[in-house]
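Notes follow once the structure below has been shown.
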Amino acid sequence: MEIALKIKALKGFKDIVPGEVLLWQYLERVARDVFDRFHFREIRLPILEETELFARSIGEATDIVEKEMYTFVDKQVTMRPEATASMVRAYIEHGLYVEKPVQRLFTIGPMFRHERPQKGRLRQFHQMDVEVLGSENPRVDVELIAMGAMLLDELGMQVSLELNSLGCPACRPGYRAELISYIDKRHDLLCSDCKRRSTTNPLRVLDCKVPSCREQIVDAPSILEYLCDQCKDHFGKVQAGLEQLGVPYRLNKFMVRGLDYYCRTTFEFITADLGSQAAVAAGGRYDGLVEILGGPKNSPGIGFAIGMERLVLLLQQQQAVIPEDEVDLYIAGIGEQGSRKGFELANAMRARKFSVAMDHEGRSLKSQMKQANKAGARFVFIIGDAELESGKGILRNMLGNEEQQEVLLSAAALADALPESLVS
RNA sequence: GUGGGCGUAGCUCAAUUGGUCAGAGCACCUGGUUGUGACCCAGGAGGCUGGGGGUUCAAGUCCCCUCGCUCACCCCA
């Protein structure tokens, strides 16, 4: 170890080093392309918001708000634990609903939750968040879900889609009461967590992983049987739409949400390859949220978030196409004069849109060739005393075997000698 | 907040019952006749074995404490 390098990144905070960044960029590139095809526009949002925003939207009693937020207590501001609240805040603040009745937005960036880190779960993590604000049409639900499926498919992900409806303020309370009475009858047979849940968040009992609890809830009342006519109709159209587009899904009447604002359609794209962090993307409808945050009444919304760390983990373990780092041209100078000329050419070639690498440490030609190879250079241009003398450098094709040619020591000649496909 | 696993070179890991055990592979650097990569060969650099204390003639190797990492629970993307 060098000098006291004692300061390390915080627990749950990770550097994404250059070798991994390629994968992240690939992920973002594919995602932006898909979002664009579905005509979503990017919005960039602040990372810090008033604490109140999250308390009101996510819910005071949720775990996120109760114990996982990074809050500056003396300032009443919080590092965002998710993006939907900010998205809706911006939607209201800028009157976006006036500019365009239905807004289709996405944002990409870091989120912060103070949880114990584990596989696929960090304290600073990254999400791609997609939202449609201003439409209640079930076709929007279908389109959004289909987009998620298309994105994951294009990334080569093996995931499955689970779907449920949570009802609305008109029908959920009735169901909740039924469920509570069902749970209470079996209270003694539940695990300790579920005993606690039965009062704090009874719906959570439905997705407990303890086998004995699962046995108890197999016959629990299903929300789907308690949906009001409007919700039932809406959910039916969502399912029909998914079938029309050929998006496979599985009904999961036990799937619930951790955030208060969700209603009606909820869905998760899950994988079996990430340990306990199975959800790579999840979301749902939140028709009351805009109004709760002070926006216009009757402003429905739906969206979902994609966990980028989780996707990167999957890409890595599924050994998906890992893009390689490479440069077009490596300039190898021999001796002070040669590297001096090379230095000038490198700059000129970069101005001509070629990516160019060069060594400044006075390495031997052999060493520079090795560097060029490692950098993934397509071509190496060699300039030494002899070349300065003749006015022509040696252009070597690194992909072929021993293919070399002489090229005048000028950026114009060099650019002509290189394949046009390299120009970026 | 609760539980389990683990901490030896940049990375992945070895080191018999505590006694040349501080190593290998990869990566890195330099060479293999004057100025040419990938493969190969030869050298080299790199670790106070996470930190502190204890037991012992002797400790990566045993005990205690501490810090860190990791997986899982809770919860969630």
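The values are calculated or read from the model by the stated rules, or taken from the named source; none is laboratory data. Bear in mind that the values here come from a model prediction, so they are computed numbers and not experimental data. Cβ placement follows ideal geometry from the backbone for every residue including glycine, while neighbour counts extend to all protein chains displayed. Quick note on the areas: whole protein, heavy atoms, side chains included, nothing else; ligands and nucleic acids left out. Shrake-Rupley method; radii C 1.70, N 1.55, O 1.52, S 1.80 Å.
Numbers for the structure displayed
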| quantity | calculated |
| --- | --- |
| Filter result for A:LYS353 (in contact (Cβ under 8 Å) with a residue 60 or more places away in the chain, within 13 Å of RNA strand B (Cβ to nearest atom) and open to solvent by 30 Å² or more (accessible area, probe 1.4 Å)) | no |
| Any hit, region A:335-348, residues being open to solvent by less than 30 Å² (accessible area, probe 1.4 Å), aromatic (Phe, Trp, Tyr) and more than 8 Å from RNA strand B (Cβ to nearest atom) | no |
| Flag if A:SER192 is surrounded by fewer than 15 Cβ atoms within 10 Å (Cβ to Cβ), at negative phi, within 14 Å of RNA strand B (Cβ to nearest atom) and small (Gly, Ala, Ser) | yes |
| Scan of region A:280-312 for residues that are open to solvent by less than 40 Å² (accessible area, probe 1.4 Å) and among the basic types (Lys, Arg), ordered by number | A:ARG285 |
| Some residue of region A:64-72 being touching a Phe, Trp or Tyr at 6+ places or on another chain (Cβ under 9 Å) and not assigned by TED's automatic domain parsing to the domain that holds A:VAL132 | no |
| Top-ranked residue of region A:369-387 - restricted to ones that are near RNA strand B (Cβ under 8 Å from one of its atoms) and under 16 Å from A:LYS341 (Cβ atoms), ranked as nearest to the chain's Cα centre (by Cα) | A:VAL380 |
| Matching entry among A:PHE54, A:PHE35 (being in contact with a Ser or Thr (Cβ under 7 Å, 6 or more places away or on another chain) and crowded, with 18+ Cβ neighbours inside 10 Å) | A:PHE54 |
| The lone exception for A:VAL256 - which of (1) surrounded by fewer than 16 Cβ atoms within 10 Å (Cβ to Cβ); (2) out of contact with any Gly (no Cβ under 7 Å at 6 or more places or on another chain) it fails | (1) |
| Per-region count, region A:260-279, residues open to solvent by 30 Å² or more (accessible area, probe 1.4 Å) and part of a loop (DSSP other than H, G, I, E, B) | 6 |
